[in-house]
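K.L.:
I'd like to ask you about the structure that follows.
The values are calculated or read from the model by the stated rules, or taken from the named source; none is laboratory data. This structure is a prediction, so every number in the text was calculated from the model and none was measured. Please note: Cβ atoms are built from the backbone with ideal geometry, for glycine as well, and neighbour counts cover all protein chains shown. Remember, those area values only see protein heavy atoms, side chains included, never the ligands or the DNA or RNA. Shrake-Rupley method; radii C 1.70, N 1.55, O 1.52, S 1.80 Å.
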Amino acid sequence: MAVLGNPDMLTRKIKLCHINAHITCRLCEGYLIDATTVTECLHTFCRSCLVKYLEENNTCPTCRIVIHQSHPLQYIGHDRTMQDIVYKLVPGLQEAEIKKQREFYQKLGMEVPGDIKGELCNMKTHLDQRNGDAKSEETANKEAGEEKPEEDNDYHRSDEQVSICLECNSSKLRGLKRKWIRCSAQATVLHLKKFIAKKLNLTSFNELDILCNEEILGKDHTLKFVVVTRWRFKKSPLLLHYRPKMDLL
């Protein structure tokens, strides 16, 4: 990595080993994958490592500060900026991770989710450009223009889909007229909160909690994450409950 300093000085190169401590997970000691940050103290870990750790703990693995007494998973969030930095600094890491994910789904006989397919296509384009095999800018722009209407009308239909049943478990809220929905696995719990709030004409989606197996879900959790970690091998649809926040009861 090059660091620009005084114009009169030569460009100085920094070895990757000198910054490893800032881009590795304290729990697995590997480079950050799906970087996730604790909102209370801003320490970052691999999402899978942190979620597994928080199943039995409620403190930050680095500074030991209490994240939340009962629901620490609600106070962590995906750190896209940090993940982008890690992928840019570590050669081949992103390509290797995408390959592992693809092989994992293929081994289970499952279709590769749309977002991974997209990353694979982007990676291939990047490699083609680096090897001098990319198409001319004019041709690429023309193709992009032709494909744009289809992309605009896609609404994430190419993503892996999740079937959901939304049940109300509080007498203070009414049930949805249509409680069965199907949406992208990349949608988050926050998207569901906004959807329910709109359907019930609530003043704010912050008035709601969404639960799976009686556990409150964090707003940044994707539905894919909920299925894998909370619903596991149970049959579809994913059953979720909603209720007013505890402090409003």
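K.L.:
Any residue that is surrounded by 14 or more Cβ atoms within 10 Å (Cβ to Cβ), touching a His at 6+ places or on another chain (Cβ under 6 Å), at pLDDT 85 or above and outside any helix (DSSP H, G or I) - is there at least one of those in segment 187-196?
P.N.:
No, there is no match, as no residue in segment 187-196 is surrounded by 14 or more Cβ atoms within 10 Å (Cβ to Cβ), touching a His at 6+ places or on another chain (Cβ under 6 Å), at pLDDT 85 or above and outside any helix (DSSP H, G or I).
K.L.:
Between a first residue in segment 87-111 that is under 19 Å from Gln161 (Cα atoms) and a second residue that is outside any helix (DSSP H, G or I), which pairs have beta carbons less than 8 Å apart while being 6 or more apart in sequence or on different chains?
P.N.:
Note: pairs meeting the criteria are Gln101/Val112; Arg102/Val112; Tyr105/Glu111; Tyr105/Val112; Tyr105/Pro113; Gln106/Val112; Glu111/Glu160.
K.L.:
Here's another thing I want to ask about it. Take Arg178 and tell me if it is surrounded by fewer than 17 Cβ atoms within 10 Å (Cβ to Cβ) and not in a strand (DSSP E or B).
P.N.:
yes
K.L.:
Does segment 218-240 contain any residue that is aromatic (Phe, Trp, Tyr), closer than 21 Å to His78 by Cβ, at pLDDT 90 or above and assigned to a helix (DSSP H, G or I)?
P.N.:
The answer is no, given that none of the residues of segment 218-240 is aromatic (Phe, Trp, Tyr), closer than 21 Å to His78 by Cβ, at pLDDT 90 or above and assigned to a helix (DSSP H, G or I).
K.L.:
Please enumerate the residues belonging to segment 210-249 that are out of contact with any Cys (no Cβ under 8 Å at 6 or more places or on another chain), more than 20 Å from Tyr105 (Cβ to Cβ), basic (Lys, Arg) and open to solvent by less than 60 Å² (accessible area, probe 1.4 Å).
P.N.:
Lys245
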